[in-house]
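Encoded as structure tokens, here's the structure I'll be asking about.
The values are calculated or read from the model by the stated rules, or taken from the named source; none is laboratory data. Predicted, not measured: the structure shown is a model, and the values here were computed from it. Here the Cβ positions follow ideal geometry from the backbone for every residue, glycine too, while neighbour counts run over all protein chains shown.
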Amino acid sequence: MKKLIVLVAFWVLYTCIIHAQLPIPEFKYGVGTLSGKILGNIPKEQKTETLNIRINRIGFDNIGSEIPIEDDGTFNFNIPIFAVSLCVIESPIYSGLIYLLPNENTKLNISFDNNGEKHVSIENSLSPPFNYMNMGDKLLEICMGKDFGVDVNDYNITPNEYAQISKKALSNILEKLEERSDLSENLKLIMGCELKALFSNFYILNYSQTIKNKYKLHDDESNYTPTKPDISYYSILKYLKLNNPYYLYSPSYQILIQNLLNTNNIGIPPIDMYSLEVWKDKTDSIVKYIIDNDHSFFDKMLILNAYTKQLNELKPLSGSQKEDIKSYYKEEAFSEMLFTENSKVIKLIQSDSSSKDFKINETPKVSKELLISTILQKYEGKVVFIDFWATWCGPCLKNMKQIEPVKKELTGKDVVFVYITNDTSVRKTWEEKVSQIGGEHYYLDEKTWDYLKNDLQLIGVPTYLIYDKSGTLKYKSNSMEPNKMKEWINELL
């Protein structure tokens, strides 16, 4: 009898543990829904009409959006996703992280009691085993700490020496994460995945820039070119065990894979250069330096992102590529997602934008130092309003809506609205959005953007500059105040 009781107790405990485990993410193409309601005595400083949301979607580019809150406090938002997708919500009433899942409604309910105290609940299939509401704060605490980084004292170290220093630093971060008693095992698992991917993007895959920054402390970086790592350098990535499907909970994992595809030293070719079979043979000889043994999950992600990279460059899938996709992926979700995005690319290419009230401009072929003055010369005799923005920036998109009435009111007057973004905005998404924005648009490369960021002292996006008719900068702002901006523009007309 005693033995039976022990067995039953063990089974109950085992069942509880199994139920508490975080589910392994699956690839599923569907609509992720976020809905909820805001109730109670909302403090004046927290009242808002919208929730700004930034969504990190596997297989897609990151995108920002604005969720309107109805008069009764309800809100509802739908977006196609391919797997569990982490969202960042920013608003006066709630700021934090929330996961959306394909074909599932995630409920975010916010209520205030009579004392004005806020109560927040998140409900979806992740909720019981995974309380992640404070994960953003915990990650920020670690990333802002003194241990997060690579302490390089000698800029003459070799790439492989740098790799070992990086590995030791990352190992130290992960050991301290495991020692924390205030975090659940599920939270440690996901935070560990995110920290490994984030650290790799910032430091391991950024060897040259880190060494350049160190050299700046001693001399002009233009006089120095760091040694280029060869493929063996990237064997440090084996430490990350990138074939783990739990990485799907980490938004930095997809960025890491995109960085691997875009790093010239690694040498992964564009996927449209070969059949999938030939392309995979070539990449397998590279992947062996990055992952040991089984890398089937990693391969799925690498191939997916290689195809989406092609689509983001507005290059539709060929007939043979479609057959390759159907043959390679056993899960129909991959074909469904890629073919849907391919149709959007074809429609975008075929659309006639000549009658739309917007224009996509070629970046003037001048030095970076002359770029802004050259753009201003094109609109000589007009007031020029420049909006530095990005497709993934929720506040940017929200502010564009706020100033739309001002733009309409100024139609026919000597003012032009210019929008400038860079390659952190996926080009396909950018071309989709410009038709909704109107005005004059420019798409800059990373080096040109970085120069303007320093030269114009741009803190980030959005940033607004207003030039008078002679091309002199008169006003600069990081916040959108439509009435104030209308006043500034009218003053210069």
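Which of the residues spanning segment 435-450 are at negative phi and either in contact (Cβ under 8 Å) with a residue 12 or more places away in the chain or of a type in the set (A, V, I, L, M, F, W, C) (or both)?
Taking segment 435-450 as the starting set, the residues that turn out to be at negative phi are 435-437, 440-450.
Once the filter is applied, which keeps residues that are at negative phi and either in contact (Cβ under 8 Å) with a residue 12 or more places away in the chain or of a type in the set (A, V, I, L, M, F, W, C) (or both), segment 435-450 yields Ser435, Ile437, Glu440, His441, Tyr442, Tyr443, Leu444, Asp445, Glu446, Lys447, Thr448, Trp449.
Filter segment 87-120 for residues that are of a type in the set (A, V, I, L, M) and either in a loop (DSSP other than H, G, I, E, B) or in contact (Cβ under 8 Å) with a residue 40 or more places away in the chain (or both) and give the result. Walk me through it before giving the result.
Within segment 87-120, the subset of a type in the set (A, V, I, L, M) is 88-89, 93, 97-98, 100-101, 108, 110, 120.
Result: Val88, Ile93, Ile98, Leu100, Leu101, Leu108, Ile110.
Quick check on my filter: what residues within segment 429-447 are over 21 Å from Asp357 (Cβ atoms) and at pLDDT below 95?
If the condition is that a residue be over 21 Å from Asp357 (Cβ atoms) and at pLDDT below 95, then Asp445, Glu446, Lys447 are the ones that fit.
Here's a follow-up. Could you please let me know if Tyr475 is hydroxyl-bearing (Ser, Thr, Tyr), in a helix (DSSP H, G or I) and over 21 Å from the mean Cα position of the chain (by Cα)?
Details: hydroxyl-bearing (Ser, Thr, Tyr): yes; in a helix (DSSP H, G or I): no; over 21 Å from the mean Cα position of the chain (by Cα): yes.
Here the answer is no, as Tyr475 does not meet what is asked.
From Asn213, Asn172, which residue is out of contact with any His (no Cβ under 7 Å at 6 or more places or on another chain), at pLDDT below 85 and over 25 Å from Pro25 (Cα atoms)? Please lay out each step first, then the result.
Working: Asn172 fails: at pLDDT below 85.
The conditions single out Asn213.
So, one more: Find the residue count for segment 169-184, including only residues that are free of Cβ contacts under 8 Å to residues at least 24 places away in the same chain, surrounded by 12 or more Cβ atoms within 10 Å (Cβ to Cβ) and part of a helix (DSSP H, G or I).
Within segment 169-184, residues that are free of Cβ contacts under 8 Å to residues at least 24 places away in the same chain, surrounded by 12 or more Cβ atoms within 10 Å (Cβ to Cβ) and part of a helix (DSSP H, G or I) number 1.
When you scan segment 358-385, how many residues do you find that are among the basic types (Lys, Arg) and surrounded by 15 or more Cβ atoms within 10 Å (Cβ to Cβ)?
Going residue by residue through segment 358-385, those that are among the basic types (Lys, Arg) are 359, 365, 368, 378, 382.
Checking the rest, the ones that are also surrounded by 15 or more Cβ atoms within 10 Å (Cβ to Cβ) come to 368, 382.
Residues that pass the stated criteria total 2.
Filter segment 39-61 down to the residues that are within 30 Å of Leu248 (Cα to Cα) and either out of contact with any Pro (no Cβ under 9 Å at 6 or more places or on another chain) or not charged (D, E, K, R) (or both) and list them by number.
In the first step, residues of segment 39-61 are kept if they are within 30 Å of Leu248 (Cα to Cα); the result is 50-61.
If the condition is that a residue be within 30 Å of Leu248 (Cα to Cα) and either out of contact with any Pro (no Cβ under 9 Å at 6 or more places or on another chain) or not charged (D, E, K, R) (or both), then Thr50, Leu51, Asn52, Ile53, Arg54, Ile55, Asn56, Ile58, Gly59, Phe60, Asp61 are the ones that fit.
Might you let me know whether segment 417-428 holds any residue that is out of contact with any strand residue (DSSP E or B) (no Cβ under 6 Å at 6 or more places or on another chain), at pLDDT below 95 and either in the same structural domain as Asn52 (by the TED database) or not in a loop (DSSP other than H, G, I, E, B) (or both)?
yes
Do you know which of the residues in segment 365-390 that are assigned to a loop (DSSP other than H, G, I, E, B) and of a type in the set (A, V, I, L, M, F, W, C) is nearest to the chain's Cα centre (by Cα)? I'd like the intermediate steps shown before the answer.
Of segment 365-390, the ones assigned to a loop (DSSP other than H, G, I, E, B) are 365-367, 379-382, 389-390.
Narrowing the set further to residues that are of a type in the set (A, V, I, L, M, F, W, C) leaves 366, 389-390.
Values: Val366: 30, Trp389: 14, Ala390: 11 Å.
The residue in question is Ala390.
Just to be sure I understand, how many residues within segment 70-117 are among the β-branched types (Val, Ile, Thr) and more than 15 Å from the chain's Cα centre (by Cα)?
5
Still on this structure, I have one more. Filter segment 441-469 down to the residues that are among the acidic types (Asp, Glu), surrounded by fewer than 16 Cβ atoms within 10 Å (Cβ to Cβ) and over 22 Å from the mean Cα position of the chain (by Cα) and list them by number.
Within segment 441-469, the subset among the acidic types (Asp, Glu) is 445-446, 450, 455, 468.
From the residues that got through so far, the ones that are surrounded by fewer than 16 Cβ atoms within 10 Å (Cβ to Cβ) too are 445-446, 450, 455.
Hit for segment 441-469 is Asp455, nothing else.
Which of the residues that make up segment 404-434 are among the small types (Gly, Ala, Ser) and either under 22 Å from Asn342 (Cβ atoms) or touching a residue at least 12 places away in the same chain (Cβ under 8 Å) (or both)? I'd like the intermediate steps shown before the answer.
Going residue by residue through segment 404-434, those that are among the small types (Gly, Ala, Ser) are 412, 425.
The one that is among the small types (Gly, Ala, Ser) and either under 22 Å from Asn342 (Cβ atoms) or touching a residue at least 12 places away in the same chain (Cβ under 8 Å) (or both): Ser425.
Only one of these is acidic (Asp, Glu), surrounded by fewer than 20 Cβ atoms within 10 Å (Cβ to Cβ), part of a strand (DSSP E or B) and outside the structural domain of Tyr253 (by the TED database): Glu45, Glu66, Glu70. Name it.
Values: Glu45 fails: part of a strand (DSSP E or B); Glu70 fails: part of a strand (DSSP E or B).
The unique qualifying residue is Glu66.
Something else now. Give the residue, chosen from Lys309, Lys315, Lys322, that is assigned to a loop (DSSP other than H, G, I, E, B) and assigned by the TED database to the domain that holds Ile291.
Working: Lys309 fails: assigned to a loop (DSSP other than H, G, I, E, B); Lys322 fails: assigned to a loop (DSSP other than H, G, I, E, B).
Matching residue, one of Lys309, Lys315, Lys322: Lys315.
When you go through Ser95, Ser85 one by one, which is the residue that is buried (at least 19 other Cβ atoms within 10 Å of the Cβ) and of a type in the set (Gly, Ala, Ser)?
Details: Ser95 fails: buried (at least 19 other Cβ atoms within 10 Å of the Cβ).
Among Ser95, Ser85, only Ser85 is buried (at least 19 other Cβ atoms within 10 Å of the Cβ) and of a type in the set (Gly, Ala, Ser).
Considering only residues of segment 73-86 that are assigned to a loop (DSSP other than H, G, I, E, B) and in contact with a strand residue (DSSP E or B) (Cβ under 9 Å, 6 or more places away or on another chain), which is farthest from Leu183 (Cα to Cα)?
Looking at the filtered set, the residue picked out is Gly73.
I'm trying to understand the selection: among the residues of segment 70-92, which are hydrophobic (A, V, I, L, M, F, W, C), under 16 Å from Thr48 (Cα atoms) and modelled with pLDDT of 95 or more?
Narrowing segment 70-92 to residues hydrophobic (A, V, I, L, M, F, W, C): 75, 77, 79, 81-84, 86-89.
If we keep only those that are under 16 Å from Thr48 (Cα atoms) too, we end up with 75, 89.
Once the filter is applied, which keeps residues that are hydrophobic (A, V, I, L, M, F, W, C), under 16 Å from Thr48 (Cα atoms) and modelled with pLDDT of 95 or more, segment 70-92 yields only Phe75.
Report, by residue number, each residue of segment 290-301 that is in a helix (DSSP H, G or I) and in contact with a helix residue (DSSP H, G or I) (Cβ under 8 Å, 6 or more places away or on another chain).
Going residue by residue through segment 290-301, those that are in a helix (DSSP H, G or I) are 296-301.
Selection gives Phe297, Phe298, Asp299, Lys300, Met301.
Output the residue which, of all residues in segment 121-168 that are part of a strand (DSSP E or B) and touching a Ser or Thr at 6+ places or on another chain (Cβ under 8 Å), is surrounded by the most Cβ atoms within 10 Å (Cβ to Cβ).
Step one: filter segment 121-168 for residues part of a strand (DSSP E or B), giving 121-123.
The next check asks that each one be touching a Ser or Thr at 6+ places or on another chain (Cβ under 8 Å); those that pass are 122-123.
Numbers: Ile122: 20, Glu123: 13.
Restricting to residues being part of a strand (DSSP E or B) and touching a Ser or Thr at 6+ places or on another chain (Cβ under 8 Å), the top hit is Ile122.
Next up: Can you pull out the residues in segment 290-308 that are surrounded by fewer than 19 Cβ atoms within 10 Å (Cβ to Cβ) and within 26 Å of Thr429 (Cα to Cα)?
Asp299, Lys300
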